[in-house]
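**Q** Supplied in structure tokens, the structure appears directly below.
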Amino acid sequence: MPTAHDHDYPPRDWTVGGLRDALEGTGEAFTLSTYEDEAAWTALRTDDLTREPVEALLDCAEAARDGDIPSLTASRYLDYERTGNRTRYEAVARERRRRLSALVVAACVERHDDFDPILDYAWALCEQTTWTWPAHLEDDSHEGLPSAVPSDEQTVALFTVGAALLLAEVDGICGDRLHPSLRERIRSEVDRRVFTPYEERDDLWWTTATNNWNAVCSAGVALAALHLIDDAGRQARIVERVADSLGSYLDGFGPDGGTPEGVGYWNYGIGSYVALADALESATDGSYSLCSPPNLERLATYPLAVELSPGRFVPFSDSDEESVVAPRAAAWLGRRLNDRGLAARGRWEMARRTDAFAGPNVTSLPEIVRDLHWARTVPASWTRATPPTRRYFEGCEWWFTRASPADPDGLVVAAKAGHNGEPHNHNDCGSFVVHANGESLLTDPGRPEYDRDYFGPTRYEYVAARSLGHSVPYVNGVEQAAGEEFAATVLDRRSSSTVDAFEMDIGNCYPEDAGVESLHRTVTLDQTDGVVSVADDVTFVTADNTYASTLVSAFPIRSEERKLVVTGERGRMRVTPDDPNAERNVERLADALETADGTRDVWRARITQTVDSHMTSLRLRIESDSETPIS
């Protein structure tokens, strides 16, 4: 029975019979350029837009031909069980998939007929004991290693499906140039590891999830089925279930298109969603469209709204501040929805890319070829859109205001309410970001390098996830607590021609022992002078309290007279409390944040009041402290 979704979702009415009839028509599901499309591949190498990333792929392919296939050992797989480290196994697994992808692009671009390296890498992928990465292994394991289980009990997870789609598109692009035994093997392995368990299992949690897992896995299964399965009835059954699941994915976006997952996971999920939408429209001659849900147009505006400056995005939850908008998602969705600004963003992103693997969640061939080919479909004359002056996402309670939207170096202030049980949650209700001149002087730490413990009981011991790693209050020595019940309440949003303000009560985000009855925080931007203010009004349960406003930065903070000064690479900012008796304390947390690029310092300041009554207030004035203004 179709799921009842939280929004208008026409695909809920699709039937297996209708899909089967449409898929038996003359439509072609494989919309990517194949080896036979010589002109399309030649254009990638000669077009200024794509030449550099293509040359990088050719270099990668040459290295793959000259070297051995990297080994994936059982002991490396056990790293996750033994130490919690995900990186050592995943890095090798990604490299194998990247090399296979580069070899396919090189064969098409260079027009050579040596397909043995592709055979070797694809065969090696088929030979892997499991396509599921250690962090995603379910019950079919024995002390950290995958166990032998029947096909209908196999784990189906992100990179299980990723391997299936990679092999399906290797087959689709290369076609009869592949050894017939490899093509047969691909179909057998994908069926055994993905199609059969997907059809037989009713306990795959991600099929009803509202996060990126749903879109990536669901769309990947359907795409692979459209490529590899010849039975239209079986294809239709898979597509019908997938379409229903994708309604749950769209439920994860608010009515205004917002998501607490951030732009990186928007890229991952929407990139997969539009890949299937493109294939399905082609396969059914336009009879079935995943672009029919009306909230797709609203969520398409999300990346621009959460961008702080070009290539910098708000780092709430497990988001990276330095990121991109996936060219494949922006270009296709922009053209399909007639949003020229979004489509132009896809082309612009490709223009600044020199490495085909440098984009968000670009793991292998399915992302690479769509980024390259789809970005080229956008006319060079189309221009990127200007971000909105202000934007509020009601579903996730994220608030943005800009002093000068047309100025890429302009001042942007972002704040969030929400709750502490969100996807990729941080205990950060009331957190805010002050960004100017391309850098966030007060910020959220964003996403650390993932490991086992970060997704376990000790998650909130990490600076990245605990409230002491965010610019939120610290009340009577107590941090915010995890759980959806620890939620903020938005009280007011005020906007005029000169002032924007966002007011929330975050008192309920703290456990009982914090002794707080209410905690109203108001974040304000005065457009006339670029001054940001953060005002806290607190009511306590008892009359003996300490109250601290915490500030977090990736840049050095120092205490200077009555103020704090944050010194970035392009500007300085001063923070002045209205209470002259408040104590100011600054800590440098050396190597506190482990990222994919190494460890990073976190600077944390606390402005602390000793309160001998039931109430207090604290106001912070945040403004430029340099010749380079922050507005």
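**Q** What ³J(HN,Hα) values, in whole Hz, does the Karplus curve 6.51 cos²θ - 1.76 cosθ + 1.60 give for segment 386-395 when θ = phi - 60°, with x put for Gly and Pro?
**A** 7, x, x, 4, 9, 8, 10, 9, 5, x
**Q** Could you tell me the convex hull volume per residue, in Å³, taken over the Cα atoms of segment 204-305?
**A** Spread over its residues, the Cα hull of segment 204-305 gives 90 Å³ apiece.
**Q** Show me, for segment 237-247, the HN-Hα J-couplings you get by feeding each phi into the Karplus relation (A = 6.51, B = -1.76, C = 1.60, θ = phi - 60°), rounded to Hz, glycine and proline as x.
**A** Result, rounded to whole Hz: 5, 5, 5, 4, 5, 4, 4, 5, 4, 5, x.
**Q** How big is segment 1-101 by the Kirkwood estimate over distinct Cα pairs, in Å?
**A** Radius from the Kirkwood sum: 18.9 Å.
**Q** Measure nothing fancy, just the Cα-based angle from helix 365-375's long axis to the longest principal axis of the chain, in degrees from 0 to 90, nearest 10.
**A** 80 degrees
**Q** Can you give me the orientation-averaged projected area of the convex hull built on the Cα atoms of segment 123-173, in nm²?
**A** Over every viewing direction, the Cα hull of segment 123-173 projects on average to 3.8 nm².
**Q** For all pairs of alpha-carbon atoms in segment 390-536, what percent lies in each bin of width 10 Å, listed from the first bin to the last filled one?
**A** In whole percents, the pair-distance histogram is 11, 40, 33, 13, 2.
**Q** A further question on this structure: Give the relative contact order (percent, whole number) for the chain; include only Cα pairs under 8 Å separated by 6+ residues.
**A** 11 percent
**Q** How big, on average over all directions, is the shadow cast by the Cα convex hull of segment 351-424, in nm²?
**A** Values: hull surface 30.4 nm².
About 7.6 nm², averaged over all directions.
**Q** If amide hydrogens are placed 1.01 Å from N in the peptide plane, which non-local residues have theirs closer than 5 Å to the one on residue 611?
**A** Residues meeting the criterion, in which the H sits 1.01 Å from N, are 545, 546, 547.
**Q** Given the rule -39500 (n - 2.57) for each run of at least 4 DSSP H residues, summed and divided by the residues of the chain, what is its mean residue ellipticity at 222 nm, to the nearest 500 deg cm²/dmol?
**A** That calculation yields -10500 deg cm²/dmol at 222 nm.
**Q** Quick query: amide H of residue 27 versus all other amide H atoms, modeled in the peptide plane; which residues come in under 5 Å with a sequence gap of 5 or more or a different chain?
**A** Correct list: 285.
**Q** HN-Hα J couplings of segment 543-549 from phi, Karplus 6.51/-1.76/1.60, θ = phi - 60°, integer Hz, Gly and Pro as x?
**A** Running phi through 6.51 cos²θ - 1.76 cosθ + 1.60 with θ = phi - 60° gives 9, 10, 9, 10, 10, 10, 9 Hz.
**Q** Also: Per residue, what volume in Å³ does the convex hull of the Cα atoms of segment 477-631 enclose? Please report the intermediate quantities before stating the final value.
**A** Details: hull volume 22.2 nm³, N = 155.
Per residue, the Cα convex hull of segment 477-631 comes to 143 Å³.
**Q** What Kirkwood radius, in Å to one decimal, follows from the Cα pairs of the chain?
**A** 25.9 Å
**Q** What angle do you read, to the nearest 10 degrees and between 0 and 90, between the alpha-carbon axis of helix 212-228 and the longest principal axis of the chain?
**A** Around 10 degrees separate the two axes.
**Q** Which of 174, 434, 552 sits closest to the plus end of the dipole of the chain, meaning its Cα is farthest towards the positive end, when Lys and Arg get +1 and Asp and Glu get -1 on the C-beta?
**A** Of 174, 434, 552, it is 434.
**Q** Please report, in cubic angstrom per residue, the volume enclosed by the convex hull of the alpha-carbon atoms of segment 296-408.
**A** On the way: hull volume 12.4 nm³, N = 113.
Convex hull of Cα atoms, per residue: 110 Å³.
**Q** Quick one: in segment 427-494, what % of C-alpha pairs are over 21 Å apart?
**A** Here the long-distance tail beyond 21 Å is 35 percent of all Cα pairs in segment 427-494.
**Q** Given a 1.4 Å probe and every protein chain left where it sits, what share in percent of the accessible area of segment 318-397 is carbon and sulfur?
**A** 39 percent
**Q** Quick one: if the Förster radius is 30 Å, what FRET efficiency do residue 542 and residue 495 give, using the C-beta to C-beta distance and rounding to 0.05?
**A** 0.20
**Q** Another question, if that's okay. Defining a contact as two alpha carbons under 8 Å apart and six or more residues distant in sequence, what relative contact order in percent does segment 529-597 show?
**A** RCO, segment 529-597: 19 percent.
**Q** Quick check for you: with a 1.4 Å probe and neighbouring chains kept, what is the accessible area per residue of the chain, in Å²?
**A** 38 Å²
**Q** Let me ask something else. Once amide H atoms are placed 1.01 Å from N in the peptide plane, what residues at a sequence separation of 5 or more from residue 321, or on another chain, have their amide H within under 5 Å of its amide H?
**A** 447
**Q** Further question: So how tilted is helix 340-351 from the main axis of the chain? Cα-based, degrees 0 to 90, rounded to 10.
**A** 80 degrees
**Q** Further, regarding this structure: By what distance, in whole Å, do the Cα atoms of segment 383-476 stretch along each of the three principal axes, largest value first?
**A** 45, 27, 25
The values are calculated or read from the model by the stated rules, or taken from the named source; none is laboratory data. This structure is a prediction, so every number in the text was calculated from the model and none was measured. Every residue, glycine among them, receives a Cβ derived from its backbone with ideal geometry; neighbour counts consider all protein chains shown. To get the accessible areas, we keep the full protein, side chains included, count just its heavy atoms, and leave off ligands, DNA and RNA. Shrake-Rupley method; radii C 1.70, N 1.55, O 1.52, S 1.80 Å.
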